[in-house]
Every structure is written in structure tokens, then in C-alpha cells.
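Enquirer: Let me begin by handing over the structure; questions about it come next.
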Amino acid sequence: MDKRYKHLNGEERGVILAEHRRGASLGAIGLLLGRSASTIGRELRRGRPEGDPAQPYCAQLGGERYRAGRKRCGRRLKLVKGGWLHDFVRGKLVHRRWSPEQIACRLKSMHPDDPARLISHETIYAAIYAQPKGGLKAEMIAALRQHKLARGLRRTTLAGGSIAPESLRIMHRPEEIEARLVPGHWEGDLIKGAFNRSAVGTVVERKTRYLVLSKMRGCTAEAALEGFTRQMKRLPAVLRKA
């Protein structure tokens, strides 16, 4: 039997309905579906009006209650617009120009025993960059002490500046990449040995911090391209966005 648990689907609920009406036991229904008797029992209780054991089981009601329960599952957002915590964070960030770290520390000192009124500075940063584009987002990003436009500014060097195309510079990196909201975006580097006799490439996934090492067959740009390409092809396509 497959040990990985899967939630009941509509077909299985139909089997439970038919077998239960036929008078089959919980164990017999569970054996037929490859489920435990306790799973069948919970589904029967869920599909009865008001949970009354005297009422007949309804597969449709069981499915509706299951889906409603799934909507209530999961981690609830703390920074909900209109809530006390959202207004507090926005006020300190926009009007007082506090950093997310300062806000998190102040909340911890004000409400040390109330987890509902606490939030980490990482959550504040993520909430700022994850919200839809608009005036409020621009306002909150501009309030950060080190906002996005300070990153990737052109340096004046003897070499004449960056050789990267303008569209590929860090300052133009999308916000979902900058805030590490989704996996699949990588940063690469090259480590050279003594006298440039050997080289190893490294690529790090920004969200998970997963590291991949690539042994190079030389220290040239062509060797680096071949080494990185060889390793990245081994990863699932969904993790090879950029």
C-alpha cells in the first residue's frame, strides 16, 4: 500500500456512499479503497448534516465541508490591510521612516507575550515587495533606508564600467527575484586556483540557498559557459528561470 497520504476524491466518496448504504463496515470500505477505517469514519461524520449519526451520509456535503476546511487551513497572513498590525507597520515605515528591523524590535518590546502582535523584519520586507504594484507599494519601498534604486549603481572605474548589457544589470532585477519570493533564480561566481590552473564555478539559488558546484575544464569564458550549462541542465526546468 502506498504510504503517501492522499485526500479523498469525488469517486471515493461515491464508493463510500454506495458501500455504506449497502451496510458494509468501515474496515471493509477502507480495504476496498486502500484507506484506514478511521479515514472512512471521519468522512462519514463530515458528510452527515450537523454530524448527526442518525442522518444519512451525503457525498456532496462531505466534499463541500472538506473544501471549506481546506480554505481555512494554512498560515494566516499577519499584515492584512486594515488590521492593527498593518497600520502600525505602515505608519512607522512611511511616516516615521523606521527600518523593518526597528519596527520588529519595537513590537517585541511592546508586546513580548502576544505572538499575534509580533512580526519579523523579513516578513515586513517580503510583504512590501509581494504586494501588487501601485502608489502604496511605491510609497513603502521609497521609505526603506536602502531602497531598490541604491543597488547596482554604475561604478566609475579605469576599465570603463560594467560590460553587462543595461537590461541585465542588478538594478533592473524584478522585485520578486530581489525579495526571494519564488525559487528558480540563480547567482553565479567563479573560483580560480593558483596561477589560473584550475577553476570551479558556483551557482546559488536565491530563495533556498541551494548550491551547485561546476568543475571547469579551463579558465576561459567558453569553459565557464560549458561547465555551468552542463550542471544546470541536470536541474528541473522549473528551477532554471534565470
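Enquirer: Out of the residues in the stretch 34-75 that are surrounded by 11 or more Cβ atoms within 10 Å (Cβ to Cβ) and of a type in the set (A, V, I, L, M, F, W, C), state the one that is farthest from residue 13 (Cα to Cα).
Expert: Going through the qualifying residues, I end up with 37.
Enquirer: Ok, one more. Kindly state which strands (runs of 3 or more DSSP E) lie completely within the stretch 178-242 and contain at least 3 residues that are touching a Phe, Trp or Tyr at 6+ places or on another chain (Cβ under 7 Å), closer than 27 Å to residue 128 by Cβ and among the polar types (S, T, N, Q).
Expert: Because the criterion is at least 3 residues that are touching a Phe, Trp or Tyr at 6+ places or on another chain (Cβ under 7 Å), closer than 27 Å to residue 128 by Cβ and among the polar types (S, T, N, Q), no strands (runs of 3 or more DSSP E) in the stretch 178-242 meet it.
Enquirer: Here is a further query. Looking at 176, 205, can you tell me which residue is closer than 29 Å to residue 101 by Cα, among the acidic types (Asp, Glu) and modelled with pLDDT of 75 or more?
Expert: When all the criteria are applied, what remains is 205.
Enquirer: Residues 38, 25, 99: which one is touching a residue at least 40 places away in the same chain (Cβ under 8 Å) and of a type in the set (S, T, N, Q)?
Expert: From the options 38, 25, 99, the qualifying one is 99.
Enquirer: Same structure again: Just the residues that are of a type in the set (Asp, Glu) and more than 20 Å from the chain's Cα centre (by Cα), please, taken from the stretch 194-242.
Expert: Listed by number, the residues that qualify are 222, 226.
Enquirer: Can you confirm whether the stretch 2-24 contains a residue that is surrounded by 11 or more Cβ atoms within 10 Å (Cβ to Cβ) and of a type in the set (Ser, Thr, Tyr)?
Expert: no
Enquirer: Could you please find all residues in the stretch 76-111 being polar (S, T, N, Q) and surrounded by 13 or more Cβ atoms within 10 Å (Cβ to Cβ)?
Expert: Once the filter is applied, which keeps residues that are polar (S, T, N, Q) and surrounded by 13 or more Cβ atoms within 10 Å (Cβ to Cβ), the stretch 76-111 yields 99, 102.
Enquirer: OK, next. Could you please give the count of residues in the stretch 214-242 that are closer than 26 Å to residue 195 by Cβ, surrounded by 12 or more Cβ atoms within 10 Å (Cβ to Cβ) and hydrophobic (A, V, I, L, M, F, W, C)?
Expert: Going through the stretch 214-242 one residue at a time, the tally reaches 6.
The values are calculated or read from the model by the stated rules, or taken from the named source; none is laboratory data. If you're wondering where the values come from, they're calculated on a predicted model, not measured in any experiment. Every residue, glycine among them, receives a Cβ derived from its backbone with ideal geometry; neighbour counts consider all protein chains shown.
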